[in-house]
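Visitor: Here it is, the structure, as structure tokens.
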Amino acid sequence: MELPFELDLSKKVAVVTGGAGVLCSTFSEALAEAGASVAILDINLEGAEKVAAKITKAGGTALVIKTNILEKESLEEARKTVREKLGSCDILINGAGGNHPSGTTTKDYLEPADLEGVEEDITTFFDLDAGGIQFVFNLNFLGALLTSQVFSQDMAKKENSTIINVSSMNAFTPLTRIPAYSGAKAAVSNFTQWLAVHLSKVGVRVNALAPGFFETEQNQALLRDEDGDYSARAKKILGQTPMDRFGEAEELLGTLFWLVSPKASGFVTGTVIPIDGGFSAYSGV
Ligand code: NAD
């Protein structure tokens, strides 16, 4: 992997939740390549092991811990294992997150015909399921809060430790169809500011990445038609992205490295940084 710039993270311990996923596997590999010992915490053990194997093969240090970020006990157990095997956490990446279909409407707008029930197989705002909405809030917001609560107990006692949350474009302005995910990511951004202030006296910096749109395996169904062309929604996203393309996971690494480096960003805390090809700056006109 080509790193954005040289950064020496040897003797640092990084904990990455969601490290088996598309973006956070890239973060884990990059942090390991810069010398950090990386603990991959994910509910998907098999996926995490594949990432760890790649890191180990490249000469890095990785530890896999099957963890559910929604269970405090599971997080406490992970913290104990990290401390025993690697040492206490310096860098925490709260990457686990995502959406759920039952917190998602089928269409962008509620239209008069929808009130008549003309189309039967659609989910309107009225059909959204409380359980689905709760799931999305828990995974994105509560998960980041609980993980920070557990690991920052060690981080507050160390110098130069830092937490990076993963927010999203929809935290600034909600995207159509995904009220739960948008609200949950807005909560992540808000929490980033709150925690940055709360931990400022004990030297823990807290910031967030706000990725724009990245074409990944998971969102293929949303971004590609069956014939492989961009879907209507993908074209709409590109039309709103001045740089006229989707991002690559590696393009998040420069901001990640900047934020984890006290030399580079030692006075930066409480920020949410868009990495979005200009999406959040563009009004569409
Ligand atoms: P992904 O689905 O590939 O990865 C998410 C990972 O989280 C998975 O490995 C999954 O197993 C893990 N996970 C889910 N529930 C968990 C739990 N309860 N405990 C522990 N681990 C759990 O997602 P991604 O696209 O790599 O996204 C990573 C982060 O970036 C997420 O927070 C996502 O919301 C955010 N994000 C992604 C994009 C994008 O375009 N992909 C854009 C903006 C923000």
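The values are calculated or read from the model by the stated rules, or taken from the named source; none is laboratory data. In this text, all values refer to a predicted model and were calculated from it rather than measured experimentally. A quick note on method: Cβ atoms are made from the backbone with ideal geometry, for glycine too, and the neighbour counts reach across all protein chains shown. Accessible surface is based on the protein model in full, side chains and every heavy atom, while ligands, DNA and RNA are left aside. Shrake-Rupley method; radii C 1.70, N 1.55, O 1.52, S 1.80 Å.
Visitor: Let me know the shape class of the range 144-285, please: from the alpha-carbon gyration tensor, a ≥ b ≥ c as square roots of the eigenvalues, rounded when a/c is under 1.5, otherwise prolate if a/b is greater than b/c, or oblate.
Guide: prolate
Visitor: If you only keep lysine pairs separated by 8 or more in sequence, or across chains, how many in the range 45-141 come under 24 Å at the Cα atoms?
Guide: Going through the range 45-141 pair by pair, I get 11.
Visitor: Got a number for the accessible area of Asp229? Probe 1.4 Å, square angstrom, nearest 10.
Guide: 80 Å²
Visitor: Please give me the summed charge of the neighbours of Ser167: other residues whose Cβ is under 12 Å from its Cβ, Lys and Arg +1, Asp and Glu -1.
Guide: Residues close to Ser167 contribute a combined charge of 0.
Visitor: Sum up the charges of everything whose Cβ sits under 15 Å from the Cβ of Tyr230, counting Lys and Arg as +1 and Asp and Glu as -1, but leave Tyr230 out.
Guide: Summing Lys/Arg as +1 and Asp/Glu as -1 gives -1.
Visitor: Residues of the range 154-174 with amide nitrogen under 19 Å from the 7 Å Cα-to-Cβ point of Met243?
Guide: Within reach of a label on Met243: 166-173.
Visitor: Using only DSSP helix segments of four residues or longer, with each worth -39500 (n - 2.57), what per-residue ellipticity at 222 nm results for the chain after dividing by its residue count and rounding to 500?
Guide: That calculation yields -11000 deg cm²/dmol at 222 nm.
Visitor: Thr173 to Tyr230: FRET efficiency via 1/(1 + (r/R0)^6), r the Cβ-Cβ distance, R0 25 Å, to the nearest 0.05?
Guide: The pair Thr173/Tyr230 has a calculated efficiency of 0.70.
Visitor: How do Asp121, Asp42 rank by accessible surface area computed with a 1.4 Å probe, from largest to smallest?
Guide: Largest accessible area first, the residues go Asp121, Asp42.
Visitor: Can you work out the FRET efficiency for the pair Phe5 and Ser200, with r the C-beta to C-beta distance and R0 = 30 Å, to the nearest 0.05?
Guide: 0.70
Visitor: Defining a contact as two alpha carbons under 8 Å apart and six or more residues distant in sequence, what relative contact order in percent does the chain show?
Guide: Worked out over the chain, it gives 17 percent.
Visitor: Ordering Lys54, Lys12 by accessible area with a probe of 1.4 Å, largest first, what comes out?
Guide: Descending order: Lys54, Lys12.
Visitor: Rounded, prolate or oblate: which one fits the range 1-41, using the alpha carbon gyration tensor with axes a ≥ b ≥ c (rounded when a/c is under 1.5, else prolate when a/b beats b/c, else oblate)?
Guide: oblate
Visitor: Check His100: other-chain or 5+ apart residues with amide H under 5 Å from its amide H, H built from backbone geometry?
Guide: none
Visitor: In debye, nearest 20: dipole of the chain around its Cα centre with unit charges on the Cβ of K, R (+) and D, E (-)?
Guide: So the dipole magnitude of the chain works out to roughly 1560 debye.
Visitor: Here is a further query. I'd like the Karplus ³J(HN,Hα) series for the range 78-91: coefficients 6.51, -1.76, 1.60, θ = phi - 60°, whole numbers in Hz, and an x wherever there's a Gly or Pro.
Guide: With coefficients 6.51, -1.76 and 1.60, one gets 5, 4, 4, 5, 4, 4, 5, 8, 10, x, 6, 6, 9, 10 Hz.
Visitor: Give the shape of the chain as rounded, prolate or oblate, defined through the alpha-carbon gyration tensor: a ≥ b ≥ c are the square roots of its eigenvalues, a/c under 1.5 means rounded, and otherwise the shape is prolate if a/b is larger than b/c and oblate if not.
Guide: Prolate, because a/c is 1.5 or more and a/b exceeds b/c.
Visitor: Residues of the range 138-170 with the amide nitrogen closer than 20 Å to a label point 7 Å from the Cα of Glu76, along Cα-to-Cβ, please.
Guide: Residues passing the 20 Å test: 142-157.
Visitor: Remind me, relative contact order of the range 158-215 in percent, using alpha carbon pairs under 8 angstrom and six or more residues apart?
Guide: It comes to 50 percent, rounded to a whole number.
Visitor: Can you give the accessible area of Lys158 in Å² (nearest 10), computed on protein heavy atoms with a 1.4 Å probe?
Guide: 60 Å²
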